Amino acid sequence: MTATAPQGDRHAPLRVAVLGCGVVGTEVVRLLTTQAEDLAARVGAPLQLVGVAVRDTTVERDPVVDPALLTADAAELVTRADVVVEVLGGIEPARSLILRAIEHGAAVVTANKALLAQDGPTLYAAADAAGVDLYFEAAVAGAIPIVRPVRESLVGDKIRRVLGIVNGTTNYVLDKMATEGLDLEQAVKEAQALGYAEADPTADVEGYDAAAKAAILASLAFHTRVSLDDVDREGITALTADDVAWAARTGHVLKLLAIAERGQAEDGTPGVQVRVHPALVPASHPLAGVRGAFNAVFVEAEAAGELMFYGRGAGGAPTASAVLGDVVSVARHRVLGGRGPVESSYADLPVLPAEAARTRYQMRLDVVDRPGVLAQVAAVLAEHGVSIEAVRQTPVGDDPLENSLAAGDVARLVITTHAATERALRGTVESIEGLDVVRRVLSVLRVEGA
């Protein structure tokens, strides 16, 4: 089948199939139904909803979903659609259904970040071969328009770095820990009660969700195929209330960040480095003010400079808004002719290992409170090529955050370093832990956005 409507009937209705009828799928159906007239005017042809694929057609659903449209035969449904909206999530059957839809000439709009991060190139190649569109704005940061700006608006520029809060659940949790003093478990339970976190929050708190989005953004920004397996990932489960409180005391806010940037291997070979981890963000940075379940993506480009995209990163209505934007775009292409952008992986840059990442660090450690200790610690950092930017020392007995050690013989050191590689930092921490004068290393956190 061709990607455009027949030349003799430009205004024939375009058949739309929706795969999945959860929170997002229901909102997509609502918008297609309640805004049908406006959408038709924007597209240049009516959008006719021809079916909604679900696992169980007998489940009671929102009244906006016409029961007559429900079907359990998703494989058949995609063969009679011009545009297929996939909001099932997961890898299978989503992948097979998308490929089947493309094979039958349908344009596809998906919000499936996990599938794109794991097997995006297969989908891109299939769409390219069939001459149809594959759009996925809703796969990253919900309603925030970030895929299109990176994929299209900045395609004439050279992006250096993408730094973002792309998981609303973890941002809500860390915000509650900072503003209300909750511990991690309490904050997660509150997020679950409000519907921000699933009953099993693993994908959020362990960073898997953010890592999938980081892989997609890196692939777009650097014209290089980056998969989920290429992303160095660390979640927030090891963070404590003390970590969050100390962040504030040193003028920072703790955030789970997705970072994709250009870098160099040790031999000078250019490449890209992609990672997800908790980081201290200076309170003066725009990302520090992103509160609650909101998302924000900060882009640094050579010509455009610094740009930030901010808004709701999750939820049925915000995500459906992004989906419908893509539906209008692909539908207009079918009515008027033409296609949207295809995969751009011409740069084919190597993905650098985590050890190559360079950033600043803040270490908190308890040491014996006597002269010369700081000099010993500083000597270890120097041996590993890590230079000190600032040091703060507080007797543990004077620290209201500390209640686990006897006062009087232990001091708290907070050391902020200049930029160093992950490899150098890891070696430094191992050596510091071996010093007799060091009682314990409390935390090692990266500092980003300074």
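The values are calculated or read from the model by the stated rules, or taken from the named source; none is laboratory data. Bear in mind that the values here come from a model prediction, so they are computed numbers and not experimental data. Here the Cβ is made from the backbone with ideal geometry for all residues, glycine too, and neighbour counts use every protein chain on show. SASA here: full protein model, heavy atoms, side chains in, ligands and nucleic acids out. Shrake-Rupley method; radii C 1.70, N 1.55, O 1.52, S 1.80 Å.
Observations
- Test for Val54: is it farther than 27 Å from Gly313 by Cα and open to solvent by 10 Å² or more (accessible area, probe 1.4 Å): no
- Within region 286-308, the set of residues being open to solvent by less than 40 Å² (accessible area, probe 1.4 Å) and within 23 Å of Arg233 (Cα to Cα) comprises Leu287, Ala288, Val290, Gly292, Ala293, Asn295, Ala296, Val297, Phe298, Val299.
- Region 217-240, residues that are surrounded by 24 or more Cβ atoms within 10 Å (Cβ to Cβ) and of a type in the set (Val, Ile, Thr): Val226, Val231, Ile236
- Of the residues making up region 434-450, just one is open to solvent by 20 Å² or more (accessible area, probe 1.4 Å), touching a strand residue (DSSP E or B) at 6+ places or on another chain (Cβ under 7 Å) and closer than 13 Å to Val373 by Cα, namely Arg439.
- Helices (runs of 4 or more DSSP H) fully within region 186-251 that include at least 3 residues being of a type in the set (Gly, Ala, Ser): 208-222, 241-249.
- Positions within region 60-76 being part of a loop (DSSP other than H, G, I, E, B) and open to solvent by 20 Å² or more (accessible area, probe 1.4 Å), in sequence order: Glu60, Arg61, Asp62, Pro63, Val64, Asp66, Ala72, Asp73
- Unique match (being of a type outside the set (Val, Ile, Thr) and at pLDDT below 95) among Ala94, Ala3, Ala53: Ala3
- Where helices (runs of 4 or more DSSP H) sit wholly within region 77-184, those with at least 3 residues that are open to solvent by less than 40 Å² (accessible area, probe 1.4 Å) and closer than 23 Å to Gly235 by Cβ occupy 113-130, 168-180.
- Val396 falls short on exactly one of the conditions (1) at pLDDT 90 or above; (2) buried (at least 18 other Cβ atoms within 10 Å of the Cβ); (3) of a type outside the set (Asp, Glu), and that condition is (1).
Residues checked against (1) farther than 24 Å from Phe136 by Cα; (2) among the basic types (Lys, Arg); (3) in contact (Cβ under 8 Å) with a residue 60 or more places away in the chain:
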site	(1), (2), (3)
Gly292	yes, no, yes
Ala303	yes, no, yes
Thr319	no, no, yes
Val323	no, no, yes
Asp326	no, no, yes
Arg334	no, yes, yes
Ala357	yes, no, yes
Val368	yes, no, yes
Ala382	yes, no, no
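- Which listed residue, of Ala41, Ala125, Ala72, Ala117, is among the aliphatic types (A, V, I, L, M) and free of Cβ contacts under 8 Å to residues at least 12 places away in the same chain: Ala41
A quick yes/no check of all residues on (1) open to solvent by 30 Å² or more (accessible area, probe 1.4 Å); (2) touching a helix residue (DSSP H, G or I) at 6+ places or on another chain (Cβ under 8 Å):
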site: Ala193; (1), (2): yes, no
site: Tyr196; (1), (2): yes, yes
site: Asp200; (1), (2): yes, no
site: Ala215; (1), (2): no, yes
site: Val253; (1), (2): yes, yes
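- Failed criterion for Gly271 (all others in (1) under 22 Å from Glu180 (Cβ atoms); (2) in contact with a Leu (Cβ under 7 Å, 6 or more places away or on another chain); (3) small (Gly, Ala, Ser); (4) at pLDDT 95 or above hold): (1)
- A Cβ distance below 6 Å, combined with a sequence gap of six or more or placement on separate chains, defines the contacts here; from region 274-287, residues that are in contact (Cβ under 8 Å) with a residue 24 or more places away in the chain reach residues that are among the acidic types (Asp, Glu) and assigned to a strand (DSSP E or B) in the pairs Arg275/Asp232.
- One residue stands out in region 354-381 among those that are over 23 Å from His252 (Cα atoms) and either among the aromatic types (Phe, Trp, Tyr) or out of contact with any strand residue (DSSP E or B) (no Cβ under 8 Å at 6 or more places or on another chain) (or both): the one that is surrounded by the most Cβ atoms within 10 Å (Cβ to Cβ), namely Val380.
- Neighbours by Cβ (under 6 Å, 6+ apart or cross-chain): first from region 417-433, free of Cβ contacts under 8 Å to residues at least 60 places away in the same chain; second of a type in the set (Lys, Arg): Thr417/Arg360
- Checked against the criteria, Val351 does not count as under 30 Å from Ala41 (Cβ atoms) and modelled with pLDDT of 95 or more.
- Filtered residue count, region 345-367, keeping only those that are assigned to a loop (DSSP other than H, G, I, E, B) and out of contact with any helix residue (DSSP H, G or I) (no Cβ under 8 Å at 6 or more places or on another chain): 5
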